[in-house]
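The values are calculated or read from the model by the stated rules, or taken from the named source; none is laboratory data. This one's a predicted model, so the numbers in the text were calculated from it and none came from an experiment. Neighbour counts run over all protein chains shown; Cβ positions are idealised from the backbone, glycine included.
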Amino acid sequence: MNFIDLKAQQSLIRENIDKNIKKVLDHGCYINGPEISELEAKLAAYVGVNHCIGVSSGSDALLIAMMALGIGPGDEVITSPFTFIATVEMIVLLGARPVYVDIDQETYNINPSEIENAITTRTRLILSVSLFGQCSDMNKINAIAKKYGLPVIEDGAQSFGAMYNGKMSCGLSTIGCTSFFPSKPLGCYGDGGAIFTNDDNLAKFLREIRNHGQDKRYHHSLIGINGRLDTIQAAILLAKFEIFPQEVLMRNNIGNQYTKLILDRCPTIKPPSVLSGNTHIYSQYSILVEDRDKLSRELLEIGIPTAIHYPIPIHRQIAFQTSEFNLPVAENVSDRILSLPMHPYLKSANQERIVDKCSVIIND
C-alpha cells in the first residue's frame, strides 16, 4: 500500500503529459514559455483572483510575497508554530522575527482569538497557514488585520482546492501562496509554486521580484531572486489541472469516509474536524492518537505506511528554538498527530483495512 499514489494518477493522464512536454521540447522556450501564462490564467480564474504568478517553489512563493510587502529586519510576523519549516524559514531569511500564536485544537490552524494579543508596534504581517487542506478562519483573521492596518498572507501550500465560505483558498487575503511539490493536491514533477493576489501593484512587484527584480530586460528596479516556474513543470501542471476538480471531490469523499469509519469503529481516535463553511482538500488525513509511535510502528509492520506532520513544533526546532512562547496546544498536537495514507485513488477496501487495523492495535 502506498502512502501517496502518484502512479495511479499518472496512468490516467500520461498521454496528455507526454503531449504537453513534447510541445515544450518542440518550441524550446524552457524559461517563460507560453505554458506559463496559460497556466497562470487558468489558476487565477479557478481561485477567482486577478493575478496568478507562477514561481519556483512554495517556499519561494512565501519569500517573494514577503519581499513584495517590504518585510525585513526588525519587523515581526505573526504566524503558526505548527507548520512545515519553510513558513518560518522565509521570515527569518528576510531578517524578520516570527511571533508564534497557538493553534486551534480542532483544525490545527492558527487560533484567531489569540492573534490580537500578539500584535505590537513592530508587527508588519499576519502569515496564516491553512494546514492539512483546510483554510484558517480567514474572516476573523482579516478583520483583525484590517483593524491594525496589516496585510495577510495565506500559506495555502496544503489547501489549494479547498473553499472557505464559498471562496477558494489562496483568494482569501492580501496574498495567497501555494506549492506544487509532487505530493501536494496539485503537484508537478519537481518543485513549483504560485502566488495569487487581486492587487495590481503587488502583482507587478511579485512578477519583477521572481525574475531578478527586472521590469524589462536588463533593467532591474528591485532586488529580486531567480524564482521562476520552469516551462516543463507548467506543462505538466496543465495536464494535471484538467482532472484536478474531479480529484478535489474524490479527496473530499475519501476524507469523509475515513472519518465515518473512525467514528464507527475506533472512537478513541480523533479524526480531523472541518470548520463550518469550509471544504477540506485532505492534503493529509491526520488523526490524533495517544500512543502514536506504537500505532505507526505496528501499522508499518503489516504494510500500512504512515507519516508524522509534524513531530516537533517550529519553536522547539534547534534552528529556531525559543522558550519565549507558551504554546501548549501545538506541543500536544505534535506529540499525538499521525497521518494515514491519503490520495484520490485510495480504495474503500484499503480504508476499511487501515481503520480496522488501527482499532485492533489501539485496543490490544
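Here are the numbers for the structure shown:
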quantity: Strands (runs of 3 or more DSSP E) fully within region 121-220 counting 3 or more residues that are aliphatic (A, V, I, L, M); calculated: 123-129
quantity: Complete set of residues in region 1-42 that are buried (at least 18 other Cβ atoms within 10 Å of the Cβ), closer than 23 Å to Cys177 by Cβ and of a type in the set (Val, Ile, Thr); calculated: Ile4, Ile36
quantity: Region 168-183, residues that are closer than 14 Å to Gln233 by Cβ and surrounded by fewer than 23 Cβ atoms within 10 Å (Cβ to Cβ); calculated: Phe181, Pro182
quantity: Test: Gln105 is assigned by TED's automatic domain parsing to the domain that holds Ile64 and buried (at least 22 other Cβ atoms within 10 Å of the Cβ); calculated: no
quantity: Conditions (1) within 14 Å of Met1 (Cα to Cα); (2) touching a helix residue (DSSP H, G or I) at 6+ places or on another chain (Cβ under 9 Å): number failed by Gln321; calculated: (1)
quantity: Of all residues in region 321-343 being assigned to a loop (DSSP other than H, G, I, E, B) and touching a strand residue (DSSP E or B) at 6+ places or on another chain (Cβ under 7 Å), the one that is farthest from Thr79 (Cα to Cα); calculated: Met342
quantity: Scope region 261-282; condition within 16 Å of Ile337 (Cβ to Cβ), of a type in the set (Ser, Thr, Tyr) and under 24 Å from the mean Cα position of the chain (by Cα); matching residues; calculated: Ser273, Tyr282
quantity: Filter pass, Gln257 being within 21 Å of Gln284 (Cβ to Cβ) and in contact with a Ser or Thr (Cβ under 9 Å, 6 or more places away or on another chain); calculated: yes
quantity: Subset of region 295-334 (residues that are acidic (Asp, Glu) and surrounded by fewer than 15 Cβ atoms within 10 Å (Cβ to Cβ)); calculated: Glu301, Glu324
quantity: Subset of region 209-230 [touching a Leu at 6+ places or on another chain (Cβ under 9 Å) and either aromatic (Phe, Trp, Tyr) or crowded, with 20+ Cβ neighbours inside 10 Å (or both)]; calculated: Ile209, Arg210, Gly227, Leu229
quantity: Selection count where residues are within 15 Å of Ile64 (Cα to Cα) and of a type in the set (Lys, Arg), scope region 215-230; calculated: 1
quantity: Any pair with Cβ under 7 angstrom, 6 or more apart, that starts in region 83-96 at a residue that is closer than 13 Å to Gln158 by Cα and ends at one that is part of a helix (DSSP H, G or I); calculated: Thr83/Leu131; Thr83/Ile314; Ala86/Gly58; Ala86/Ser59; Ala86/Leu62; Thr87/Leu62
quantity: Leading residue by the ranking (surrounded by the fewest Cβ atoms within 10 Å (Cβ to Cβ)) among those in region 261-277 that are touching an Asp or Glu at 6+ places or on another chain (Cβ under 9 Å) and assigned to a helix (DSSP H, G or I); calculated: Arg265
quantity: Leading residue by the ranking (farthest from the chain's Cα centre (by Cα)) among those in region 223-260 that are assigned to a loop (DSSP other than H, G, I, E, B) and of a type outside the set (Val, Ile, Thr); calculated: Gly224
quantity: Residue match in region 185-192 (condition: out of contact with any His (no Cβ under 9 Å at 6 or more places or on another chain), without any contact (Cβ under 8 Å) to a residue 60 or more places away in the chain and of a type in the set (Asp, Glu)); calculated: no
quantity: Flag for Leu69 being within 30 Å of Thr107 (Cα to Cα) and either more than 18 Å from the chain's Cα centre (by Cα) or not assigned by TED's automatic domain parsing to the domain that holds Gly171 (or both); calculated: yes
quantity: Residue satisfying condition, being crowded, with 21+ Cβ neighbours inside 10 Å and either of a type in the set (Gly, Ala, Ser) or assigned by TED's automatic domain parsing to the domain that holds Leu172 (or both), within set Ala45, Ala61; calculated: Ala61
